[in-house]
Amino acid sequence: MAAPVRRYDPERRQRIVDAAIRVVGAKGIAGLSHRSVAAEADVPLGSTTYHFKTLDDLLVAALRQAGAAYAPELVLRPGEDLVGALTRLLGGLLGTDRTRAELEYELYLEALRRPALRPVAAEWCEAVVAALADHADEVTARALVAVMDGITLQALLTDTPYDAEYAREILARVLRPA
């Protein structure tokens, strides 16, 4: 009997990560397994365990990808101040793409239970702080990240619509000189 033919599939690892994100989006972290991801990616189960020995390894890759998609490129529009830009950024996240926000924050918060994810969650925070570097000092940038996380979590957890005026007021208070 001839050995099975191996197909060269350089995109397989990426398809597995994409599938993991879809599984978490549809079923939550609790629905994530090598088997559920393999089925979603349409790859053999052995492929998921070859590329990701543990579920933590797979979650790290998924969180890193979600974080890269989230980390904003902070661009102020003509006549727009930092408060306006951040209010708009939050509005985009919570208004038009709320499902994506839920997915990203579920992955982000999973770091509370899975220490392997904490360095990636920290990278996510640092990326947002870096995006604010041209507009605020480091302490203020970190405070803005904390406030934006708080506004986002409150909106997601209470299933309330994004309140741009509230966000604008809170962000302005952080930026107001003492």
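Which ³J(HN,Hα) values, rounded to whole Hz and listed in residue order, are derived for the stretch 141-153 from phi using the Karplus coefficients 6.51, -1.76 and 1.60 in 6.51 cos²θ - 1.76 cosθ + 1.60 with θ = phi - 60°, glycine and proline given as x?
4, 5, 5, 5, 4, 4, 5, 5, 4, x, 4, 5, 4
Given a Förster radius of 25 Å and the C-beta distance between Thr54 and Ala127 as r, what FRET efficiency does 1/(1 + (r/R0)^6) yield to the nearest 0.05?
0.55
From the square roots a ≥ b ≥ c of the eigenvalues of the alpha-carbon gyration tensor of the stretch 130-178, which class results: rounded (a/c under 1.5), prolate (a/b over b/c), or oblate?
prolate
If I take R0 = 41 Å and measure r between the Cβ atoms of Asp149 and Arg22 in this structure, what FRET efficiency does the formula 1/(1 + (r/R0)^6) give, to the nearest 0.05?
The formula returns an efficiency of 0.95 here.
State the extension gain, in nm to one decimal, for the chain segment bounded by Ala39 and Ala68, taking 0.36 nm per residue of separation less the distance between their alpha-carbons.
Net length gain for the segment: 7.9 nm.
Going out from 0 in 10 Å bins, what whole percent of all Cα-Cα distances in the stretch 99-165 drops into each bin?
Histogramming the stretch 99-165 at 10 Å steps yields 19, 45, 33, 3 percent.
Enter the Cα centre distance for the pair the stretch 123-147 and the stretch 13-29, rounded to the nearest angstrom.
Taking the Cα centre of the stretch 13-29 as reference, the centre of the stretch 123-147 is 28 Å away.
Just to confirm the filter: which trypsin sites (Lys or Arg not before Pro) across the stretch 65-143 are DSSP coil and have at most 13 other Cβ within 10 angstrom of their Cβ?
Arg113
What does the charge count near Arg114 come to, summing +1 for each Lys or Arg and -1 for each Asp or Glu among other residues with Cβ under 14 Å from its Cβ?
-1
Enter the angle in degrees (range 0 to 90, nearest 10) between the Cα long axis of helix 82-91 and the first principal axis of the Cα atoms of the chain, meaning the one along which they spread out most.
Roughly 40 degrees, rounded to the nearest 10.
Trypsin sites (Lys or Arg not before Pro) within the stretch 27-68: which are DSSP loop residues with at most 15 other Cβ atoms inside 10 Å?
Lys53
Roughly how many nanometres apart are two label points built 7 Å out from the Cα toward the Cβ at Asp97 and Glu11?
Label-label distance for Asp97 and Glu11, simple model: 2.1 nm.
Taking GluC sites (Glu not before Pro) that fall in a DSSP loop and have at most 16 other Cβ atoms within 10 Å as cut points, what is the longest piece of the chain between them?
The answer is 81-178.
Give the shape of the stretch 10-58 as rounded, prolate or oblate, defined through the alpha-carbon gyration tensor: a ≥ b ≥ c are the square roots of its eigenvalues, a/c under 1.5 means rounded, and otherwise the shape is prolate if a/b is larger than b/c and oblate if not.
Prolate.
For helix 12-27, what angle does its Cα long axis make with the longest principal axis of the chain, in degrees from 0 to 90 and rounded to 10?
On a 0 to 90 degree scale, this one is about 60.
Run the helix sum for the chain: -39,500 (n - 2.57) per DSSP H stretch of 4+ residues, divided by residue count, reported at 222 nm to the nearest 500 deg cm²/dmol.
It lands at -21000 deg cm²/dmol.
Measure nothing but the geometry: give the 0 to 90° angle between the long axis through the Cα atoms of 164-175 and the longest principal axis through the Cα atoms of the chain, rounded to 10°.
Once rounded, the angle reads 70 degrees.
Values in this text are rule-based calculations from the coordinates and carry no lab data. Note that the coordinates shown come from a computational prediction; the quantities given were computed from them, not determined experimentally. As a convention, Cβ positions derive from the backbone with ideal geometry for all residues, glycine included, and neighbour counts pool all protein chains shown.
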